[in-house]
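Note sheet for the following structure.
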Amino acid sequence: MSALTELYQQITHCHNCKLAETRNKVVPGEGPENATMFFIGEAPGWNEDQQGRPFVGQAGAFLEHLLSLINLTRDQIYIANAIKCHPPQNRDPLPTEIQSCQKWLDLQIDIIKPKMIITLGRYSLARYFPKETIGKAHGKARIQDGTIYYPMYHPAAALHQNRLRETIEADMLKIPGLLAQIEKIAEVTKETQQPTLF
């Protein structure tokens, strides 16, 4: 049994917060254990709750479109959410829920060891950049300890505000260039011991 499969079994039996009482299915995440990129969304929606898979609704379709812009498919990336269960009425995740789920996300990242972590939306942004807003932080990468952290708008934002579609697409198109630079940037970061913005 792979480390991820074993972890999924643990997540499936999680009762660390009240969402366990209302969920239909736990949505741990999916993707290869050796993925280069790890996308972190916010919370499962209704469709995800029915299927137990992340990003299967309209936002998921737009994410697949975004990946196609850089010649990728979703089975080449790892994708998960900040919380693993669907909040009732699609409400925003509560801070206590995010905190309860944090250990699961930490373990997923430890197993996969991605070169790049892409935060989708404000809740996953807050995990790494708690004082920043998505409007200012999106499309600006930082590298620390050999990993690129890259904030983007959530794909669902384009469904609600069509004007953001081009912005999100432009941010996605930067990713291959960032990955190509990672080794060079990592050396600079190692010398300065400071997160590098690029």
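Brief remarks follow.
- For ASP49: the one exception among (1) without any contact (Cβ under 8 Å) to a residue 60 or more places away in the chain; (2) touching a strand residue (DSSP E or B) at 6+ places or on another chain (Cβ under 9 Å); (3) acidic (Asp, Glu): (2)
- Odd one out for GLU132 among (1) free of Cβ contacts under 8 Å to residues at least 24 places away in the same chain; (2) in contact with a Leu (Cβ under 9 Å, 6 or more places away or on another chain); (3) over 28 Å from ALA180 (Cβ atoms): (3)
- Residue in the range 45-67 that is modelled with pLDDT of 95 or more, of a type in the set (Lys, Arg) and assigned to a loop (DSSP other than H, G, I, E, B) present: yes
- Residue in the range 105-124 that is loosely packed, with under 14 Cβ neighbours inside 10 Å and either at pLDDT below 95 or more than 28 Å from GLN9 (Cβ to Cβ) (or both) present: no
- Candidate set: the range 1-44, residues that are touching a Phe, Trp or Tyr at 6+ places or on another chain (Cβ under 6 Å) and in a loop (DSSP other than H, G, I, E, B); chosen: the one surrounded by the fewest Cβ atoms within 10 Å (Cβ to Cβ): ALA35
Each row is one residue, and each column tells you yes or no for (1) surrounded by fewer than 17 Cβ atoms within 10 Å (Cβ to Cβ); (2) within 22 Å of PRO95 (Cα to Cα); (3) in contact (Cβ under 8 Å) with a residue 40 or more places away in the chain.
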site: ILE148; (1), (2), (3): no, no, no
site: ALA157; (1), (2), (3): no, yes, no
site: GLU169; (1), (2), (3): yes, no, yes
site: GLY177; (1), (2), (3): yes, no, no
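- The set of residues in the range 70-91 that are closer than 21 Å to HIS160 by Cα, surrounded by fewer than 18 Cβ atoms within 10 Å (Cβ to Cβ) and out of contact with any Gly (no Cβ under 7 Å at 6 or more places or on another chain) comprises PRO88, GLN89, ARG91.
- Screening the range 125-146 for residues that are at positive phi and small (Gly, Ala, Ser) and picking the one that is surrounded by the most Cβ atoms within 10 Å (Cβ to Cβ) gives GLY139.
The values are calculated or read from the model by the stated rules, or taken from the named source; none is laboratory data. In this text, all values refer to a predicted model and were calculated from it rather than measured experimentally. Please note: Cβ atoms are built from the backbone with ideal geometry, for glycine as well, and neighbour counts cover all protein chains shown.
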